[in-house]
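This report refers to the structure that appears directly beneath it.
The values are calculated or read from the model by the stated rules, or taken from the named source; none is laboratory data. Please read these numbers as outputs of a predicted model, since none were measured by experiment. Quick reminder, even Gly has a Cβ in these numbers, built from the backbone with ideal geometry, and neighbours come from all protein chains shown. The protein model used for the area step is the full one, side chains on, heavy atoms only, and it has no ligands, DNA or RNA in it. Shrake-Rupley method; radii C 1.70, N 1.55, O 1.52, S 1.80 Å.
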Amino acid sequence: MSTSLETRPVTATPGATTALAPPRRKRRILLRLVALVVLYALWEITARTMNNPTFIPSPGAVWHQLIVTSSVHDGVRGYSGHLLIEHLGVSLRRILIGSVIGVVGGLVLGLVMGTVTWIRVVTEPVVTFIRALPPLAYFSLFIIWFGIDETPKLWLLSIAALPPVAVATASAVLGAPTGLVEASRALGANKWQAVRDVVLPHALPEIFTGVRIAVGVAYSSVVAAETINGVPGIGGMVRDAQRYSQTDVVVLGLFAIGLSGLLIDALLQVAEKRLIPWRGRA
Amino acid sequence: MPSDSEADAVVLDAVTHTYGDVTAVGPVSLNVPAGEFLVLVGASGCGKSTLLRLIAGFEQPTAGSVLAAGVRPVPGRGAGLVFQQPRLFPWRTVGGNVALALRYAGQPYGRERVEGLLARVGLHDVAHRRTWQISGGQQQRVAIARALAVDNPLLLLDEPFAALDALTRERLQEDLRRVSAETGRTCVFVTHSVDEAVFLGSRVVVLTPRPGRVALDLPIELPRTGIDPDELRGLPAFAAARAQVGAAVRHPEGVLA
Ligand SMILES: Nc1ncnc2c1ncn2[C@@H]1O[C@H](COP(=O)(O)OP(=O)(O)OP(=O)(O)O)[C@@H](O)[C@H]1O
Ligand SMILES: [Mg+2]
């Protein structure tokens with residue numbers, strides 16, 4: 001998941017985007033605003049000319065659903081008994097738990113893979129294999145194993161988030177700079193200290209990229225996971241709305257997922273800049 | 001082991017080192033008594049860095065043997081090393097780099113201690129900076145401070161002053177000469193500069209072009225303490241030694257033959 005189509009090179013200096021000359025930055029923001037307005041207008045026009053709200057709901061209808069699903073009306077609470085924000089909250093909680101487990105597991109696995117050759121040889125094909133599978137493919141297996149409640153969903157997200165972090169960590173650890181490792185050894189570091197003080201910090205930028213990818217994968221998997229017994233949850237909400245042809249709610253759900261995804265990636269990027277000021281310097 | 005080499009901080013016995021099929025250095029035999037300040041001089045690529053890496057334990061000799069303090073050298077044990085490149089850790093501040101060395105040595109690594117070490121190499125107010133925010137010469141000085149953090153009996157320095165301006169270089173040379181004389185630490189110092197070699201060394205060894213062998217092994221009989229640096233440079237013995245080393249650097253094969 002990335003907030004923009006332009007992929008930032010890993011070697012970009014920290015604060016490269018903020019360091020843009022103010023006029024250029026202003027122009028970029030302006031351009032984005034204009035694009036948004038144009039898209040909005042296109043949507044409005046298409047919805048009106050098609051005049052088929054089940055196919056393309058109007059922006060107004062989606063907006064209306066935002067208000068309806070965010071309030072208690074006629075004794076009904078939001079959608080399917082939960083407010084929109086609650087659906088989103090449950091999904092985000094699943095993403096958080098799944099990502100944390102997956103990231104921690106990926107980190108440990110990646111570290112071991114990067115340092116112990118035979119483990120790398122054994123696990124690399126497995127990790128690559130899992131990485132190539134669409135998460136939905138192994139979801140059925142988890143349902144057979146763990147039922148239809150929280151457990152299989154969290155397993156799915158964890159397993160989906162693990163490979164990107166493991167692969168990034170392993171490759172970064174493998175690429176540890178000999179010169180700096182030697183420098184630490186010359187200062188008296190033992191093997192473990194060299195890993196902690198050189199290999200890991202050097203790997204952090206790459207690991208962080210892996211984490212961002214992992215969170216993105218978890219994000220895109222959660223909707224799939226919530227198609228089964230997913231209420232409350234944004235995916236469950238979208239699934240139900242699709243069943244009853246409430247296209248406006250479906251679109252609203254898409255917006256909720258997409259916008260919160262943007263927000264989380266932006267937060268991760270800010271965290272990255274603060275935690276890894278040496279990105280591109282090692 | 002022969003008893004006379006027990007006092008030797010470093011013993012190189014017919015050491016040869018090859019990278020693949022390139023013989024970088026050797027055979028070289030050298031005994032470095034404890035407390036000696038040995039300076040290695042030689043053309044670029046003659047294997048000076050390789051020799052230091054052998055003594056530090058980062059390379060194993062292809063033939064012959066290397067002993068430091070009587071045992072096979074292990075990196076980080078008993079020898080401080082300043083590499084040819086600063087090799088600072090960019091994820092740590094300047095002060096953090098020095099603190100890490102103190103930590104590895106199990107010493108207190110508080111602010112005062114770190115700033116004191118930095119001040120010893122002429123650096124002030126840089127402890128909080130990022131490593132890429134200081135100049136190349138300053139980076140090299142941080143690397144020296146890092147190596148000085150631990151009181152190793154042996155100090156290995158690979159062209160540590162090459163990236164410095166003349167003034168700082170002279171100051172650090174004087175500082176290093178004084179410190180080594182006072183502490184009696186053994187130093188092996190690599191340089192290209194004949195002047196630096198004669199000024200610093202209690203013994204200067206000139207190497208031949210690759211593969212490096214000993215072309216000249218010259219004890220420098222100049223007072224190590226109680227003399228002003230300018231006065232030292234003015235001594236006739238200083239000029240004589242410089243001429244001898246200079247000739248060997250220019251015509252190493254001639255000396256060898
Ligand atoms: N890791 C390596 N692999 C292969 N060859 C190497 C390696 N390191 C050094 N060499 C070669 O060994 C020879 C000696 O290298 P070394 O770095 O010891 O020279 P040096 O005397 O320190 O040179 P300089 O004064 O330029 O630093 C050179 O010819 C170099 O090309
Ligand atoms: Mg060298």
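General observations
- Here the contact order of the range B:104-220, divided by its residue count and restricted to Cα pairs under 8 Å and six or more residues apart, works out to 18 percent.
- Here residue A:153 is the anchor, and the aspartates and glutamates within straight C-alpha reach of less than 20 Å, apart from those fewer than 8 places off in the same chain, are A:86, A:226, A:240.
- Counted charge near residue B:73, where neighbours are those whose Cβ lies closer than 11 Å (Asp, Glu -1; Lys, Arg +1): +2
- Extension gain from residue A:151 to residue A:37, taking 0.36 nm per residue of separation minus the Cα-Cα distance: 36.8 nm
- Across every direction, the projection of the convex hull enclosing the Cα atoms of the range B:45-96 has a mean area of 4.8 nm².
- Checking every one of the chymotrypsin sites (Phe, Trp or Tyr not before Pro) in the range A:244-282 against DSSP loop status and a limit of 10 other Cβ atoms within 10 Å picks out A:244.
- Calculated over the range B:85-212: convex hull of Cα atoms, volume per residue (Å³): 122 Å³
- The Cα atoms of chain A give a gyration tensor whose axes a ≥ b ≥ c have a/c of 1.5 or more with a/b no greater than b/c, which makes the shape oblate.
- Each residue of the range A:32-48 is assigned a 3J(HN,Hα), and the resulting list reads 5, 4, 4, 4, 4, 4, 4, 4, 4, 4, 4, 4, 4, 5, 4, 4, 5 Hz, derived from the Karplus form 6.51 cos²θ - 1.76 cosθ + 1.60 (θ = phi - 60°), x at Gly and Pro.
- For the range A:147-157, backbone phi angles converted through the Karplus equation (6.51, -1.76, 1.60; θ = phi - 60°) give residue-by-residue couplings of x, 10, 8, 5, 3, x, 5, 5, 4, 4, 5 Hz, Gly and Pro being listed as x.
- When both bridge partners sit in the protein assembly as shown, DSSP labels roughly 55% of those beta bridges antiparallel.
- Accessible surface buried upon A-B contact (total; probe 1.4 Å; Å², nearest 100): 1900 Å²
- Each part gets one Cα centre, and for the range A:232-262 versus the range A:55-126 those centres are 13 Å apart.
- In sequence order, calculated HN-Hα J values of the range B:239-247 (Karplus, 6.51, -1.76, 1.60; Hz; x Gly/Pro): 4, 5, 4, 5, 4, 5, 5, x, 5
- Per residue solvent-accessible surface (Å²) - chain B, probe of 1.4 Å: 43 Å²
- Against the empirical 2.2 N^0.38 Å (N residues), the protein assembly as shown has a Cα radius of gyration ratio of 1.36.
- FRET efficiency estimate (nearest 0.05) - Cβ-Cβ, residue A:178 to residue A:220, R0 35 angstrom: 0.40
- Residues of the range A:179-204 that lose at least 50 Å² of accessible area (1.4 Å probe, protein heavy atoms only) when the other protein chains are present, relative to their chain alone, are A:180, A:182, A:186, A:187, A:197.
- From helices alone, chain B scores -11000 deg cm²/dmol at 222 nm; the rule is -39500 (n - 2.57) for each run of n ≥ 4 DSSP H residues, then divide by the residue total.
- Around residue A:78: net Lys/Arg minus Asp/Glu count, Cβ-Cβ under 15 Å: -3
- Net length gained if the chain between residue A:117 and residue A:130 were fully extended (0.36 nm per residue, minus Cα distance): 2.7 nm
- Relative contact order (%) - criterion: Cα under 8 Å, at least six apart; region: chain A: 28 percent
- Rg over Rh, two decimals, the range B:86-151 (C-alpha only, Kirkwood Rh): 0.91
- Two-site FRET efficiency, residue B:71 against residue B:253, from Cβ-Cβ distance with R₀ of 35 Å, rounded to 0.05: 0.50
- 1.4 Å probe, heavy atoms, protein only - residues of the range B:50-92 losing at least 40 Å² accessible area vs chain alone: B:58, B:76, B:87, B:89, B:90, B:91
- The range A:181-221, accessible area per residue, ligands and nucleic acids excluded (1.4 Å, Å²): 35 Å²
- Folded to 0 to 90 degrees: helix A:200-225 orientation relative to chain A principal axis, Cα: 30 degrees
- Measuring nothing but alpha carbons in chain B and taking Rh as the Kirkwood radius, the Rg to Rh ratio lands at 0.96.
- Relative contact order computed over chain B (Cα-Cα under 8 Å; 6+ residues apart), in percent: 24 percent
- Net charge contributed by nearby residues that have their C-beta within less than 11 Å of residue A:182 (K/R +1, D/E -1): +2
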